[in-house]
2 protein chains.
Amino acid sequence: MSDHRIAPVVPVPVSVPVPAHEPPYYAVVFTSVRTDGEGGYGATAQRMGELVKEIPGFLGEDSARAPGGLSITVAYFRDLAGIEQWRDHAEHRAAKAHGRAHWYERYALHIARVEHSSGFEREAASDRPVG
Amino acid sequence: MSDHRIAPVVPVPVSVPVPAHEPPYYAVVFTSVRTDGEGGYGATAQRMGELVKEIPGFLGEDSARAPGGLSITVAYFRDLAGIEQWRDHAEHRAAKAHGRAHWYERYALHIARVEHSSGFEREAASDRPVG
């Protein structure tokens, strides 16, 4: 695939999921239920969404929130080094600590190595295995 | 963890994400954008959500759909054998074919081996590493 040291330059529209990449790469799955308090969550989430793009090997992320309150964010990285760099990022660490103190009722985090991937686009009208 | 041959018996409320399990286990991340047509999607999705519970090693799944139309479903399995059994399930195969023909504008599928996981609950008020 492309040089994984360079973050994507072209912004992806909200309605297009991060495409399947050639394995191996990593998915960071973050599922959460929020508290009733907003308290700056939106601004911080937006800021984190910008910062993570600067991490080497970041491949993109998708987020969705169900009416019942469950949120899922999946961020993709080329390798564990990028995930560790993001985990240790000072501003991200502060945001996570604030989140545990104020925003999250509960969450689960799963860091996973993608071994198989595939994609489908209506125009192509076929399932396209990537790896 | 628990005997992975037994599907969960207690239904989990919608607002509680699938908890972190002890690695290794697998996450199947399915991100999609739907077409305008409904055409039985809801009933089929519900049926699939019931059927997958019968797969040995199924650990649970979370779904969320963003206002913009992006849907994320993450299903967790103890091992690849369960994922393959679900992939090859006749009724599931038929539903996927119908989905490509009618329901999905595009999708990406990522099958990933979870190597690290952690969870947080407000009552405990601490990040709890699982593995």
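The values are calculated or read from the model by the stated rules, or taken from the named source; none is laboratory data. Just so it is clear, the model here is predicted, and its values are computed rather than measured. Cβ atoms come from the backbone with ideal geometry, glycine included; neighbour counts cover every protein chain shown. Please note that ligands, DNA and RNA were not included when accessible areas were found on the heavy atoms of the full protein model with its side chains. Shrake-Rupley method; radii C 1.70, N 1.55, O 1.52, S 1.80 Å.
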Query raised in the report: Among the residues of the range A:57-82, which ones are in contact with a Leu (Cβ under 7 Å, 6 or more places away or on another chain) and assigned to a strand (DSSP E or B)?
Result: A:D62, A:A64, A:Y76, A:F77
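To keep it simple, each residue is scored yes or no on (1) of a type in the set (F, W, Y); (2) assigned to a strand (DSSP E or B); (3) at pLDDT below 95; (4) closer than 26 Å to A:L59 by Cβ.
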| position | (1), (2), (3), (4) |
| --- | --- |
| B:T31 | no, yes, no, yes |
| B:G39 | no, no, yes, no |
| B:R47 | no, no, no, no |
| B:S117 | no, yes, no, yes |
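Say we look at the range A:63-88 and pick out the residues that are farther than 14 Å from B:A66 by Cβ and among the hydrophobic types (A, V, I, L, M, F, W, C); which of these is farthest from the chain's Cα centre (by Cα)? Show your work before the answer.
Initially, the range A:63-88 is screened for residues farther than 14 Å from B:A66 by Cβ, giving A:75-88.
In the following step, the residues that additionally are among the hydrophobic types (A, V, I, L, M, F, W, C) were identified as A:75, A:77, A:80-81, A:83, A:86.
Values: A:A75: 2, A:F77: 8, A:L80: 14, A:A81: 15, A:I83: 10, A:W86: 11 Å.
Across the range A:63-88, the extreme among qualifying residues is A:A81.
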Report task. Could you list, in sequence order, all residues of the range B:26-57 that are over 20 Å from A:F120 (Cα atoms), crowded, with 18+ Cβ neighbours inside 10 Å and in contact with a His (Cβ under 9 Å, 6 or more places away or on another chain)? Result -> B:V52, B:I55, B:G57
Report task. Check A:P23 against each of (1) modelled with pLDDT under 95; (2) farther than 29 Å from B:F120 by Cα; (3) open to solvent by less than 40 Å² (accessible area, probe 1.4 Å) and name the one condition it does not meet. Result -> (1)
